[in-house]
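In what follows, a single structure is set out as structure tokens and then discussed.
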Amino acid sequence: MKYHTAALLGAALSLLGVAAGPSRALELTYGTYTSPTQTTFRTGTGPLLDRITRDTNGEITFEAFTGGSMGGPKELLGNAGSGIIDTTSVVDIYVKAQLPHSALMSSMLILGKNPKVMSAAMNEMQLLHCPSCEEDRTKANVIGLGWTATGTYHLICKEPINTLDELKGLKIRATSGMGRAMQSMGATAVSITTAEMYEAMQRGQVDCVAGAAAWLTTYNLKDFSRYIVEDSLGSYFGTMLFAVNLDVWGDLSDSQRAAIRSNISQSVVDTLFAYDDDHETGIRDLKALGGEVLHADQAFVDAVETARKEEYAFTIQSGKDQGIDNAEELIDTFHGLVDKWTDIVAEIGNDKEAFKAALDREIFDKL
């Protein structure tokens with residue numbers, strides 16, 4: 001696999017004429033707004049591209065463009081659909097106008113106490129139980145093949161903030177449903193992408209970030225933050241790990257498509273478990289710089305739990321307000337899958353191979 005960073009934007013754009021139409025060559029382009037060291041690309045998508053090349057005996061190779069050189073988080077879905085790039089990863093809450101049904105579900109970040117549960121539920125929902133989600137992707141001219149999650153979210157701050165009273169009035173980088181939760185707790189939610197949060201913290205536009213501890217290292221938030229609240233705020237579980245332009249997908253042979261599909265669950269699992277490791281790395285790096293791990297006070301904990309109890313009902317109403325006719329059915333079905341995977345993950349514990357086997361048995365082997 002060859003890859004380019006944002007520093008090579010000019011060279012990357014020179015390829016657009018080649019990539020713009022239905023691809024006849026089997027050297028496919030992949031674009032992401034993240035750096036090559038970010039968890040999802042480093043451990044999930046990057047190795048996936050290499051395995052696809054291996055399992056197709058070199059029939060499919062990839063040229064990867066990282067660091068936003070082929071578009072930011074709000075542009076990548078459209079760029080893949082139009083053929084500017086062949087494949088990408090998509091954060092649905094940044095493109096909810098194009099993926100309203102998916103984004104409605106993943107907006108419930110506050111519920112994501114266990115990212116493995118939520119990612120499994122999202123994969124089963126998207127791939128087996130959500131025709132309206134598939135219709136949205138078809139309109140966007142992409143096929144989605146797997147979904148993954150971040151690590152658990154925490155409050156990452158410049159100053160020592162760990163009480164509900166201290167949270168009030170602070171500017172918190174918090175998107176979608178996490179923003180709603182922060183607003184309900186008295187903070188001011190600032191809705192910006194992960195690509196923008198480093199600069200926002202540097203310029204003082206936010207006091208804290210609601211995000212994964214891994215980001216202390218992978219997005220270098222440790223440059224400005226010295227405090228993290230250990231109590232979980234949830235997680236984001238709607239990353240479409242691998243989206244392929246539908247025209248490109250249609251041009252592939254059955255065996256090539258099978259080689260891609262057979263590798264997706266491994267990338268989902270690798271990403272989820274790597275976030276556990278990167279969580280520990282982020283905490284270690286923070287402490288090495290003199291940072292501290294704090295515990296939330298009871299009022300803070302209670303406020304988070306209140307937000308969680310209200311989230312399903314709030315999301316259903318929000319979906320109806322947005323004109324999503326099947327919002328209640330959608331969220332009720334997803335709720336049931338969260339309960340199902342809560343039981344499965346409780347039974348298998350933190351066994352990586354058992355988790356992958358469960359994903360294959362319950363979802364990917366059924367495709």
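Tallying residues that are surrounded by 23 or more Cβ atoms within 10 Å (Cβ to Cβ) and assigned to a loop (DSSP other than H, G, I, E, B) within region 179-206 yields 2.
Among the residues of region 117-163, those that are open to solvent by less than 20 Å² (accessible area, probe 1.4 Å), within 30 Å of LYS352 (Cα to Cα) and part of a helix (DSSP H, G or I) comprise VAL117, MET118, SER119, ALA120, ALA121, MET122, ASN123, GLU124, MET125, GLN126, CYS133, ARG137. Within region 271-293, the residues that satisfy the criterion of being in a helix (DSSP H, G or I) and small (Gly, Ala, Ser) are ALA274, GLY282, ALA288.
Pairs are defined by a Cβ separation below 7 Å, a sequence spacing of at least 6 or placement on different chains, a first member in region 329-349 that is more than 23 Å from THR315 (Cα to Cα), and a second member that is in a helix (DSSP H, G or I) and among the hydrophobic types (A, V, I, L, M, F, W, C); the pairs so defined are ILE344/ALA358; VAL345/VAL117; ILE348/ALA354; ILE348/PHE355; ILE348/ALA358. Within region 237-262, the set of residues being open to solvent by 10 Å² or more (accessible area, probe 1.4 Å), under 23 Å from LYS116 (Cβ atoms) and either assigned to a loop (DSSP other than H, G, I, E, B) or modelled with pLDDT under 95 (or both) comprises just one member, SER262. Here GLY211, GLY169 are screened, and the one residue that is buried (at least 16 other Cβ atoms within 10 Å of the Cβ) and either part of a loop (DSSP other than H, G, I, E, B) or touching a strand residue (DSSP E or B) at 6+ places or on another chain (Cβ under 6 Å) (or both) is GLY211.
Within region 328-347, identify whether any single residue is charged (D, E, K, R), surrounded by 18 or more Cβ atoms within 10 Å (Cβ to Cβ) and closer than 25 Å to LEU145 by Cβ, and answer yes or no. No, the conditions are met nowhere in region 328-347. For SER69, state whether it is buried (at least 21 other Cβ atoms within 10 Å of the Cβ) and not aliphatic (A, V, I, L, M). So SER69 passes the test.
Of the residues screened, GLN322 is one that is of a type in the set (S, T, N, Q) and touching a Lys or Arg at 6+ places or on another chain (Cβ under 9 Å).
The values are calculated or read from the model by the stated rules, or taken from the named source; none is laboratory data. Quick caveat: nothing in here was measured; it's all calculated off a predicted structure. Glycine gets a Cβ as well: all are built from the backbone with ideal geometry, and neighbour counts include every protein chain shown. Remember, those area values only see protein heavy atoms, side chains included, never the ligands or the DNA or RNA. Shrake-Rupley method; radii C 1.70, N 1.55, O 1.52, S 1.80 Å.
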